[in-house]
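The values are calculated or read from the model by the stated rules, or taken from the named source; none is laboratory data. Since this is a predicted model, take the numbers as computed values, not measurements. We place every Cβ from the backbone using ideal geometry, glycine too, and count neighbours over all the protein chains shown.
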Amino acid sequence: MLSTTYRLFVPHHKNNHKPKILHTNSLLTLLGVLIMAQSVISMLSVLQPKILGFATNIDPEKIITLTNNQRLQNDQKSLTTSNKLNQAALAKASDMFANDYWSHTSPGGTEPWYFISQADYQYKHAGENLARDFENSAEVVSAWMASPTHKKNILDSRFENIGVAVVNGTINGKETTLVVQMFGSSSSEQTSILGSAEFVSKAYATQDISNNLNTAISSFTMSKIISLSFIILLLVTLSLDWFFVFRKKLVRISGKSWAHTTFFIAILVVAIIIKHGIVL
Amino acid sequence: MIDYIALLFLVVTYLSLVLLTSFSHQYIKFLTIGFTLLYFIWGLWHHKREKSLHPKIILEYLIIAMLGLWLIISIP
């Protein structure tokens, strides 16, 4: 056992002065195992969504609170929740799932303003932010704030009302949580305060779907853990290799492991910071 | 020495561009394809300069680049 570990990680004469893990055939095996593991995750997330589906904790009320926090930090007035804009956002999300599209405009040419008008919201100004595949409310609002066009909507001084829908479904064959945020200003709008019966029931209706999936482990998290484990394994091996090659003053055709180590450090940084969601 | 400076420049550029994308996985995946491809080319260039370009070395850099690429693009 000890000699196997030694052979796998430490360069010496029995492994041709290179850790067995860094041999071409071992690297190919690692690549194969990685591809297989990620394929199993993809299959499980489709076949057994309760075990390995997508898990989210996005709350419409929290999205509104975080949006208003951003506005207050930027000297803008808070937005008031509009039940009509909530309805418009919900109708837009449902339409995106029904017609399988990820865009502000539907394949049939329906624009966001159609849903706002259909909800009987007479708008002077209106705006829409979309997000998908995020795991929590804070990530959604952060991603919008990091995008100049979405940030402009969030901080637009012309807007007075807000409506948010969080809906789970499948777009382009991929299970996702869709967040639709509608902004508007209208002189005729009867606004409702947070906590009104209608808003609460709507918010809970969307949350119910999410809560069902909260028991699952996110396939994104699982894939990320697997990728990070592989990178750490390779970095540990490369570091040990570098250390022993340096100490024993070995001269090899493949040289020291400095370049591969630098490469995997960059990959490690990116694997840590990569985020799941997309905004539009 | 110039090879290692080039590699460092490549890594810093890659990480800087990743930071500019607000960590969006869509863009990161495209950047990673470019980064791993350039790393493979860098490996060949480096070993050619060192006069140690051997088919085994080419294969090693190819697999390392593919592993790096797959480790990022397999994150859904």
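The single condition among (1) within 14 Å of chain B (Cβ to nearest Cβ); (2) within 20 Å of the chain's Cα centre (by Cα) that residue A:100 does not satisfy is (1).
What about residue B:31, is it surrounded by fewer than 18 Cβ atoms within 10 Å (Cβ to Cβ) and not aromatic (Phe, Trp, Tyr)? It is false that residue B:31 is surrounded by fewer than 18 Cβ atoms within 10 Å (Cβ to Cβ) and not aromatic (Phe, Trp, Tyr). Checked against (1) within 23 Å of residue A:173 (Cβ to Cβ); (2) in contact with a helix residue (DSSP H, G or I) (Cβ under 8 Å, 6 or more places away or on another chain); (3) in contact (Cβ under 8 Å) with a residue 12 or more places away in the chain, residue A:97 passes all but condition (2). The condition (being outside any helix (DSSP H, G or I), among the basic types (Lys, Arg) and either surrounded by fewer than 19 Cβ atoms within 10 Å (Cβ to Cβ) or in contact (Cβ under 8 Å) with a residue 24 or more places away in the chain (or both)) is satisfied by just one residue among A:18, A:14, A:92, A:62: A:18.
Would you confirm whether any residue within region A:21-33 is within 25 Å of the chain's Cα centre (by Cα), part of a helix (DSSP H, G or I) and modelled with pLDDT of 90 or more? Looking through region A:21-33, at least one residue is within 25 Å of the chain's Cα centre (by Cα), part of a helix (DSSP H, G or I) and modelled with pLDDT of 90 or more. Looking at region A:102-111, can you tell me whether even one residue there is hydroxyl-bearing (Ser, Thr, Tyr), in a helix (DSSP H, G or I) and surrounded by fewer than 19 Cβ atoms within 10 Å (Cβ to Cβ)? Within region A:102-111 (the criterion being hydroxyl-bearing (Ser, Thr, Tyr), in a helix (DSSP H, G or I) and surrounded by fewer than 19 Cβ atoms within 10 Å (Cβ to Cβ)), the answer is no, since none of the residues qualifies.
Within region B:20-39, being more than 14 Å from the chain's Cα centre (by Cα) and either within 8 Å of chain A (Cβ to nearest Cβ) or among the β-branched types (Val, Ile, Thr) (or both) holds for B:21, B:22, B:23, B:24, B:25, B:26.
Can residue B:43 be described as within 10 Å of chain A (Cβ to nearest Cβ) and more than 20 Å from residue A:277 (Cα to Cα)? So residue B:43 passes the test. Within region A:119-144, the set of residues being away from every other protein chain (no Cβ under 14 Å) and over 21 Å from residue A:175 (Cα atoms) comprises A:119, A:120, A:121, A:122, A:123, A:124, A:125, A:126, A:127, A:128. Reported count of residues in region A:150-171, each being within 21 Å of residue B:21 (Cβ to Cβ) and either part of a strand (DSSP E or B) or under 19 Å from the mean Cα position of the chain (by Cα) (or both), is 2.
Search region A:145-169 for residues being at pLDDT below 90 and more than 14 Å from every other protein chain (Cβ to nearest Cβ), and hand back the single one that is farthest from residue A:79 (Cα to Cα). Among residues in region A:145-169 that are at pLDDT below 90 and more than 14 Å from every other protein chain (Cβ to nearest Cβ), the one farthest from residue A:79 (Cα to Cα) is A:169.
Residues of region A:131-154 being surrounded by fewer than 23 Cβ atoms within 10 Å (Cβ to Cβ) and among the polar types (S, T, N, Q), which ones? The answer is A:136, A:142, A:147, A:149, A:153. Residue selection: residue A:128 satisfies the criterion of being crowded, with 18+ Cβ neighbours inside 10 Å, out of contact with any Lys or Arg (no Cβ under 7 Å at 6 or more places or on another chain) and among the acidic types (Asp, Glu).
For region B:49-76, the tally of residues that are outside any helix (DSSP H, G or I), closer than 15 Å to residue A:224 by Cβ and either touching a strand residue (DSSP E or B) at 6+ places or on another chain (Cβ under 7 Å) or more than 7 Å from chain A (Cβ to nearest Cβ) (or both) stands at 0. Taking residue A:188, is it out of contact with any Ser or Thr (no Cβ under 8 Å at 6 or more places or on another chain), part of a loop (DSSP other than H, G, I, E, B) and at pLDDT below 90? Spelling it out, residue A:188 is indeed out of contact with any Ser or Thr (no Cβ under 8 Å at 6 or more places or on another chain), part of a loop (DSSP other than H, G, I, E, B) and at pLDDT below 90.
Within region A:221-280, being of a type in the set (S, T, N, Q), outside any loop (DSSP other than H, G, I, E, B) and either within 21 Å of the chain's Cα centre (by Cα) or at the interface with chain B (Cβ under 7 Å from one of its Cβ atoms) (or both) holds for A:221, A:223, A:227, A:229, A:262. Considering B:37, B:67, B:53, the condition of being touching a Leu at 6+ places or on another chain (Cβ under 9 Å) and surrounded by fewer than 14 Cβ atoms within 10 Å (Cβ to Cβ) is satisfied by B:37 alone. Scanning region B:39-76 for residues that are in contact with a Phe, Trp or Tyr (Cβ under 8 Å, 6 or more places away or on another chain) and farther than 20 Å from residue A:24 by Cα yields a count of 2.
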